[in-house]
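Student: The structure under discussion is supplied below as structure tokens; questions concerning it will follow.
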Amino acid sequence: MGHGAGGAGGAVRILTQGAASIGTGRLTVSAGAGGTSTCSRGRSADGSVGRIGVHAASVTGTSSPAFDTN
């Protein structure tokens, strides 16, 4: 039997009128893992990583993948 590809990591959006402190490595949107087949045809592709948007007066911290401020 065939195998399904992994799902996307989703999306996170943070909105604040003030400053946003997201910490270091605490905000992550990972890709879903691809599946394997039952007939030895290998493994399907992983999904894509998600997106992180931070809309704030200022932002400190890091995320995976890197956040976008647009």
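Results for (1) without any contact (Cβ under 8 Å) to a residue 60 or more places away in the chain; (2) hydrophobic (A, V, I, L, M, F, W, C); (3) in contact with a Gly (Cβ under 8 Å, 6 or more places away or on another chain), shown as yes or no for each residue.
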| site | (1), (2), (3) |
| --- | --- |
| 12 | yes, yes, yes |
| 21 | yes, no, yes |
| 25 | yes, no, no |
| 34 | yes, no, yes |
| 45 | yes, yes, yes |
| 68 | yes, no, yes |
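Student: Right, next: Consider the range 49-61. How many of its residues are open to solvent by 70 Å² or more (accessible area, probe 1.4 Å) and in a strand (DSSP E or B)?
Tutor: Going through the range 49-61 one residue at a time, the tally reaches 2.
Student: Of all residues being exposed (fewer than 13 other Cβ atoms within 10 Å of the Cβ) and of a type in the set (D, E, K, R) in the range 17-48, which is modelled with the lowest pLDDT? Just the residue, please.
Tutor: Of everything passing the filter in the range 17-48, 41 is modelled with the lowest pLDDT.
The values are calculated or read from the model by the stated rules, or taken from the named source; none is laboratory data. Remember, it's a predicted structure, so these values are computed and weren't measured experimentally. All Cβ positions, even for glycine, are placed from backbone atoms using ideal geometry, and neighbour counts span all protein chains on display. These accessible areas exclude ligands, DNA and RNA; they are computed on the full protein's heavy atoms, side chains included. Shrake-Rupley method; radii C 1.70, N 1.55, O 1.52, S 1.80 Å.
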